[in-house]
1. Considering each of E362, E386 in turn, give the residue that is open to solvent by less than 90 Å² (accessible area, probe 1.4 Å), within 34 Å of the chain's Cα centre (by Cα) and at pLDDT below 80.
2. Are any residues in the range 322-346 in a strand (DSSP E or B) and touching a residue at least 40 places away in the same chain (Cβ under 8 Å), and if so, which ones?
3. How many residues does the range 280-300 hold that are at pLDDT 80 or above, surrounded by fewer than 19 Cβ atoms within 10 Å (Cβ to Cβ) and of a type outside the set (V, I, T)?
4. Going through A56, A112 one at a time, which residue ends up being assigned to a helix (DSSP H, G or I), at pLDDT 85 or above and surrounded by fewer than 15 Cβ atoms within 10 Å (Cβ to Cβ)?
5. Looking at the range 308-340 only, could you name the residues that are within 30 Å of K60 (Cβ to Cβ) and open to solvent by less than 40 Å² (accessible area, probe 1.4 Å)?
6. Where residues in the range 84-105 are free of Cβ contacts under 8 Å to residues at least 60 places away in the same chain and under 27 Å from the mean Cα position of the chain (by Cα), which of them is least open to solvent (accessible area, probe 1.4 Å)?
7. Given the criteria part of a helix (DSSP H, G or I), touching a residue at least 12 places away in the same chain (Cβ under 8 Å), of a type outside the set (V, I, T) and buried (at least 18 other Cβ atoms within 10 Å of the Cβ), does L142 qualify?
8. Is it the case, given these coordinates, that S128 is at pLDDT 85 or above and open to solvent by 50 Å² or more (accessible area, probe 1.4 Å)?
Amino acid sequence: MMDSYIEKFHILETFRSNDAQNILIGSMKDNPNNMVIINILRDNKYIWSNAKESIAKSLKNLLHIEEIDNGLVVVTRFRDGESLDTYLEKRQKMSIDKKLNLLSTYLNHIVAYDSLDYYLQNILIDESEIIVEENKIDFNELMIIDEEFTGVRDFVRIAEKVGKIAKKIFLHDIQDESKKIHIPYQLLHFIEQLENPSHGYKNLNEIRRAFQNLYIYDWYMNDTKSMNGGDILLRQYRNPSKPKNGSRYIKIATGILLIAAAYYGYLHLLSNDKIIADRYREPTAYFEKIQMKNEWEFINKSIAEGEENHIVQSTWEVYKDNKIVAKYDTRDLNIDFLEPYKYKIVLKVQDENQKWSKPYFEEIEVINPTKESQEDAIKLRTATEEKLENLKMFYDENQVMKDQSRVRSGTYAIKFTKSSDDKKIKIKDLQLDKHPSLSMWVMSDHKEPVRIQVTGYYNGKRSFKKHIDHESSAPNVWELVSLHEMMGRMDEVEIVLLNDQATVWMDDIEISTYK
């Protein structure tokens with residue numbers, strides 16, 4: 001079976017190839033105008049599989065990531081724009097507020113790399129990664145391995161590189177040292193401190209927080225130059241050891257301005273947070289396919305962009321002759337095709353920010369299916385039939401409900417809301433031999449532990465009561481929960497959700513026996 005990145009992207013040319021990696025330039029098959037960088041990181045030198053999860057969480061331009069036999073494949077968007085040097089060269093005498101914005105955008109982006117090893121951080125924060133398009137900083141996130149790749153073993157080198165970029169942004173147009181007076185003293189000190197090994201910063205987020213504290217104050221002080229006494233206040237701030245006449249009044253005025261600056265900064269940060277939130281990119285729909293005789297399995301591998309973001313809804317469409325012949329709202333899809341033909345399978349996904357992906361599709365050709373009958377020969381038989389319908393299930397529909405938007409398989413899941421008082425379901429008329437076992441798939445919108453009580457009955461009398469304590473690895477992720485310990489004989493089971501801190505879904509409940 002081909003690697004899935006081969007199925008998803010066209011390979012146009014090789015950018016670089018060596019023992020450590022193979023970097024390819026490509027394009028999306030469903031949109032050839034969108035260029036991508038395909039980075040094949042070889043495992044013979046570095047253990048990339050250990051970095052897969054942190055890379056997937058950290059790269060904002062990530063389109064696709066997968067493990068292959070000899071390493072890891074990372075596919076990112078290709079961003080086109082000016083280099084930072086070119087951008088700054090064209091903009092001599094840039095205003096202080098624009099410089100502050102530029103550095104703020106840079107720091108807001110690189111904090112996402114804190115979870116990576118230092119040698120990866122050193123690559124991704126580098127000036128060579130930065131591009132500027134329409135006066136906005138962006139990153140190409142191209143991991144190029146060189147001889148010094150593993151030479152970065154502490155945060156000192158990382159902070160030094162951040163300091164050099166900050167210095168370039170603020171001092172690129174200042175040739176005369178005396179003109180540094182126009183840069184707030186504390187800001188200059190902050191930049192110099194980054195290049196000093198004794199700076200004390202432990203991660204990128206600490207650097208950003210330190211800058212934001214300066215950013216709020218100095219931005220406001222810079223804006224007050226046009227006010228009476230503004231220049232005096234700014235000079236006083238730069239030279240705190242040289243008191244001026246009327247220092248009492250200056251201190252009072254400074255206190256008032258600090259309060260105003262704090263409020264202004266608070267509003268500014270709220271605005272920045274909204275901008276950052278608005279910049280969450282749409283999710284990327286993608287699936288892999290497996291053929292088993294007539295049956296095809298389509299495994300959802302879609303990616304949600306941004307931290308703490310997940311895919312919450314998946315929509316599949318099956319096309320024949322450009323017409324929809326079937327539609328499903330399940331995470332994965334299994335279909336038994338009963339008619340030879342070319343079909344197009346289309347997937348779209350939605351994330352927690354209610355953003356829909358662009359459709360991802362692949363065409364498959366069914367050649368010689370087994371026809372059960374002439375009548376069925378032109379139909380699709382889906383293997384995503386609702387398994388819950390096979391159980392004789394009872395519940396209060398005012399407290400527990402069917403949910404067609406958050407299914408694991410089939411057409412619906414059982415949803416227990418936070419406000420429900422009687423969160424339980426009963427399954428009756430079970431035909432079981434010895435040693436019953438129970439399993440179900442559970443999803444919660446919180447990470448708080450979920451406590452489930454399972455009570456078995458036989459001939460109307462309670463035969464056992466058990467508890468399952470399940471803690472989700474992440475919100476909105478389906479996970480298997482099982483009860484295999486000894487349970488008494490039963491012909492009826494009651495499943496009760498005991499916690500009220502989260503909305504919980506259950507699907508694919510299976511009650512069987514083991515020997």
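The values are calculated or read from the model by the stated rules, or taken from the named source; none is laboratory data. The structure presented is a predicted model; accordingly, all values stated were derived computationally and were not measured. So basically every Cβ, Gly included, is an ideal-geometry build from the backbone, and we count neighbours across all protein chains shown. Heavy atoms of the whole protein, side chains included, go into the accessibility calculation; ligands, DNA and RNA do not. Shrake-Rupley method; radii C 1.70, N 1.55, O 1.52, S 1.80 Å.
1. Working: E362 fails: at pLDDT below 80.
Exactly one residue qualifies, and that residue is E386.
2. Initial filter on the range 322-346 (in a strand (DSSP E or B)): 323-328, 333-337, 341-346.
Selection gives V325, A326, Y328, L333, N334, I335, D336, F337, I345.
3. So the answer is 4.
4. Working: A112 fails: surrounded by fewer than 15 Cβ atoms within 10 Å (Cβ to Cβ).
After applying the criteria, what remains is A56.
5. Our first condition is that a residue be within 30 Å of K60 (Cβ to Cβ); within the range 308-340, this holds for 308-317, 329-333.
N309, H310, I311, V312, S314, T315, W316, E317, T330, L333 - these are the residues of the range 308-340 that are within 30 Å of K60 (Cβ to Cβ) and open to solvent by less than 40 Å² (accessible area, probe 1.4 Å).
6. T105
7. Details: part of a helix (DSSP H, G or I): no; touching a residue at least 12 places away in the same chain (Cβ under 8 Å): yes; of a type outside the set (V, I, T): yes; buried (at least 18 other Cβ atoms within 10 Å of the Cβ): yes.
The answer is no for L142.
8. On the way: at pLDDT 85 or above: yes; open to solvent by 50 Å² or more (accessible area, probe 1.4 Å): yes.
In short, yes.
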